[in-house]
Structure formats: C-alpha cells, structure tokens
Ligand SMILES: CC(C)(COP(=O)(O)OP(=O)(O)OC[C@H]1O[C@@H](n2cnc3c(N)ncnc32)[C@H](O)[C@@H]1OP(=O)(O)O)[C@@H](O)C(=O)NCCC(=O)NCCS
C-alpha cells in the first residue's frame, strides 16, 4: 500500500475500494459537505466501481478523505469528487490526495468543477481557472 503521508497530520493514502461502503461514502459527503446524490446505495457504489481511480486517506482507522477520478491515462483525467472529513480539514489531507492523484495521472491534464467553497483551495494548489468549458446534461428517463 503506498503511503503518501505528507499531510500536516499523518495519513495513509490507499488506492481502491477497500474500507469503503456506500454508507461510509454518503456520511463523508454529507459531513464535508459535498453535494452529491448519495441516497441510493447502489448508485453510490456504481459511481465508485466505475471510476478509473479511487483514493482514500486514512487517519488511523478513520476515513479522512476521498478522491475519485475518471481518466483515459493518456490525455485527460477528470477529478469527480474530493471530500475531506470536516474535523480534519485544513490539515493537508486534501493536498495529499491531490498530490496522489497527480502522481497517478501523470502526463494527463487534470480537470474538475469547483464550488464556491473550494475554488480558493484549487487556486492555492496551482490549478488554473479556464473559461472555455461547456456543460450539458444528458437527460435521462430513469
Ligand atoms: C476543499 C477541501 C477538499 C480541502 O481539503 P483540506 O484537507 O481542508 O485542504 P488542505 O488542508 O490540504 O489545504 C491545502 C491548502 O489549501 C488551503 N485551503 C484549504 N481549503 C481552503 C479554502 N476553503 N479556502 C482557502 N484556502 C483553503 C489550506 O489553507 C492549505 O494552504 P497552505 O498550502 O497555505 O497550507 C475540503 O475543505 C472539503 O472537503 N470541502 C468540502 C467538499 C468540497 O468542496 N470538495 C471539493 C469539491 S469540488
């Protein structure tokens, strides 16, 4: 298991789904807070199982943070969700997870959508705001 423990607190970064459950993910997202549809456990698990890369940060046995990425491994990587346990925010966990994502997605361009509360975080981590992104919902009858 790789240890990317360069946070202000000591965390282990783990790759994969080990230690995660839909309930654990939903609790972290609600607490962070990260607004995502997490009421349906099957849907939450599908989001994670179908991701190219899932990284978790552990403070002892406590889930400190999660990052989830879709990547082609060549050109583009899309950071879907990053969330850190509120009691452990501002202690370097988010930076550690981003560093681990950048390491594993080296050579690709990492793209993400921010929120009002996280834009300063990405700015601090040397992300560049781009103005040429377009978004359209693919509507579903489900
Ligand atoms: C955004 C988030 C992931 C940051 O994680 P974190 O572990 O608290 O961030 P870190 O401690 O690694 O911070 C890294 C740097 O960014 C700064 N930073 C972190 N959050 C910040 C914020 N909201 N505003 C300004 N700076 C911020 C830190 O002070 C630190 O700066 P330093 O390099 O001078 O020490 C976390 O606050 C979170 O989970 N928020 C709720 C969910 C969310 O918005 N996720 C992002 C979705 S796009």
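The values are calculated or read from the model by the stated rules, or taken from the named source; none is laboratory data. Please read these numbers as outputs of a predicted model, since none were measured by experiment. Positions of Cβ are generated from backbone atoms using ideal geometry, with glycine treated the same way; all protein chains shown enter the neighbour counts.
So here's what we get for this one:
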| read-out | value |
| --- | --- |
| Condition check for residue 51: at negative phi, surrounded by 14 or more Cβ atoms within 10 Å (Cβ to Cβ) and assigned to a loop (DSSP other than H, G, I, E, B) | yes |
| Those residues of the range 75-94 which are more than 14 Å from residue 33 (Cβ to Cβ), within 7 Å of the ligand (Cβ to nearest atom) and either out of contact with any strand residue (DSSP E or B) (no Cβ under 6 Å at 6 or more places or on another chain) or outside any helix (DSSP H, G or I) (or both), in sequence order | 90, 91, 92 |
| Hits in the range 106-142 - residues which are exposed (fewer than 10 other Cβ atoms within 10 Å of the Cβ), over 22 Å from residue 73 (Cα atoms) and within 12 Å of the ligand (Cβ to nearest atom) | 116 |
| Residues located in the range 95-104, provided they are within 16 Å of the ligand (Cβ to nearest atom) and out of contact with any helix residue (DSSP H, G or I) (no Cβ under 9 Å at 6 or more places or on another chain) | 96, 97, 99, 100, 101, 102, 103 |
| Sole exception among (1) within 13 Å of the ligand (Cβ to nearest atom); (2) modelled with pLDDT of 95 or more; (3) surrounded by 13 or more Cβ atoms within 10 Å (Cβ to Cβ) for residue 33, by number | (3) |
| The range 57-74, subset closer than 15 Å to residue 12 by Cα and away from the ligand (no atom under 14 Å from the Cβ), residue surrounded by the fewest Cβ atoms within 10 Å (Cβ to Cβ) | 61 |
